[in-house]
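Below: the structure, in structure tokens.
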């Protein structure tokens, strides 16, 4: 007959091996397609937040108007409306994908044409153009 502690030790050993087998693998680098999809998803989420805020603003205005109407119908003096900015409709979702970054050669970040035609070097020695101060 086996001792109960032997079974417990075996169970602990097996659970230790199982936890090492389920370790997470490193995340592969994102492809340009995945980055574009993530950017579109982020833009859609931001638009959804603006749409929700617009719907909430409209609902709050309606509730406040009904409250004032019921208060005045009951003969009670309702407080004056607090000045708030108007509700702005974000409109339909439109996503304009960003242009991919141009290579340095095509981005216009090179030297101006005048420098490319005539080099900036001179025949004068460096000591004559940049004299060092005398040290005492």
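The values are calculated or read from the model by the stated rules, or taken from the named source; none is laboratory data. Not measured: the values here are computed from a predicted model. Backbone-built Cβ (ideal geometry, glycine too); neighbour counts: all protein chains shown.
The single condition from (1) assigned to a loop (DSSP other than H, G, I, E, B); (2) more than 31 Å from the chain's Cα centre (by Cα); (3) at pLDDT below 75 that residue 124 fails is (3). Of all the residues in the stretch 67-83, those that are without any contact (Cβ under 8 Å) to a residue 12 or more places away in the chain and under 23 Å from residue 57 (Cα atoms) number 10. Which of (1) more than 30 Å from residue 31 (Cβ to Cβ); (2) at pLDDT below 90; (3) out of contact with any helix residue (DSSP H, G or I) (no Cβ under 9 Å at 6 or more places or on another chain) does residue 105 not meet, given it meets every other one? Against the list (1) more than 30 Å from residue 31 (Cβ to Cβ); (2) at pLDDT below 90; (3) out of contact with any helix residue (DSSP H, G or I) (no Cβ under 9 Å at 6 or more places or on another chain), residue 105 comes up short only on (1). On the stretch given as the stretch 63-91, residues that are loosely packed, with under 10 Cβ neighbours inside 10 Å and closer than 29 Å to residue 43 by Cβ total 2. Sub-9 Å Cβ pairs linking a first residue in the stretch 28-39 that is farther than 12 Å from residue 97 by Cβ to a second residue that is surrounded by 11 or more Cβ atoms within 10 Å (Cβ to Cβ) and at pLDDT 90 or above, at least 6 apart or interchain, are 30/38, ordered by first then second residue.
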